[in-house]
């Protein structure tokens, strides 16, 4: 049972969804450190959902489709905004202007972490996973309460994220470091990052359609 749950978690993490694609886009544009900070924020955001569900709010989200739709709209708008900013920054880089957004993780770390939390909290795929998949792996025969089982299973999911995300972050960061000395190549990487974010926004928008 636990092995099946872990396999399902890994399948969700590996799937090129909004969280993973945005993490890769950040690594391409701004480097490994920024992407790792963003990933940490996303993990914390997922864990916040686990705490909410552990507190007994799962029925509220499952039975109120307007609430879920609102979360999806917020997620789409936020990712679309990030894509717009990324395209602006890529254009500035092609014009040989200074692109300052998110450069320097030391001064932007808290903002990146908060961005990761917001993205995870507004990702409808993560919410639906916790609502639809996780409850099937709670055991009525366990000595642990359903709430505690939810908490432990959700925390396990969060702990598995770095095993998938970190290798991809290092790979994308390696590509960026190879091309960092070439301004036009770096501008191209920023454009790739913007395209990835735009693709994520389109995916989220299509999920809003009836």
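Here, each number is a calculation from the coordinates, and none is a lab measurement. Predicted, not measured: the structure shown is a model, and the values here were computed from it. Virtual Cβ from ideal backbone geometry, glycine too; neighbours counted across all protein chains shown.
Work out the FRET efficiency for residue 2 and residue 94 from their Cβ-Cβ distance, taking R0 = 41 Å, and round it to the nearest 0.05.
Efficiency, rounded to the nearest 0.05: 0.25.
Peptides 149-160, 189-200: what's the order by average Cβ count within 10 Å, highest mean first?
For the peptides 149-160, 189-200, the packing ranking is 189-200, 149-160.
Express in nm, to one decimal, how much length is gained between residue 147 and residue 85 on full extension, taking 0.36 nm for each residue of separation and deducting their alpha carbon distance.
18.3 nm
Arrange the peptides 17-26, 167-176 so that the one whose residues have, on average, the most other Cβ atoms within 10 Å appears first.
17-26, 167-176
If one takes the longest principal axis of the Cα atoms in the chain, at what angle in degrees, from 0 to 90 and to the nearest 10, does the Cα axis of helix 32-52 lie?
20
Which label belongs to the value computed from this structure, given these candidates for semi-axes √(5λ) of the Cα gyration tensor in Å: (1) 29, 17, 16; (2) 34, 18, 13; (3) 36, 23, 14?
(2)
Compute the length gained on full extension between residue 160 and residue 74: take 0.36 nm times their separation in residues and subtract their Cα-Cα distance, giving the result in nm to one decimal.
28.3 nm
Find how much the distance from residue 178 to residue 63 grows on full extension, using 0.36 nm per residue of separation minus their present alpha carbon separation; answer in nm with one decimal. Walk me through the numbers before you get to the answer.
Working: separation 115, 0.36 × 115 = 41.40 nm, distance 4.95 nm.
Full extension from residue 178 to residue 63 adds 36.4 nm.
Going by alpha carbons, how many degrees (0 to 90, nearest 10) lie between the helix axis of 146-179 and the longest principal axis of the chain?
That works out to roughly 20 degrees.
For the chain, what is the calculated [θ] at 222 nm in deg cm²/dmol (nearest 500), taking -39500 (n - 2.57) for each run of four or more DSSP H residues and dividing by its residue count?
The helix contribution divided over the chain gives -27500 deg cm²/dmol.
To the nearest 10 degrees, how steeply does helix 183-208 sit against the main Cα axis of the chain, on a 0 to 90 scale?
30
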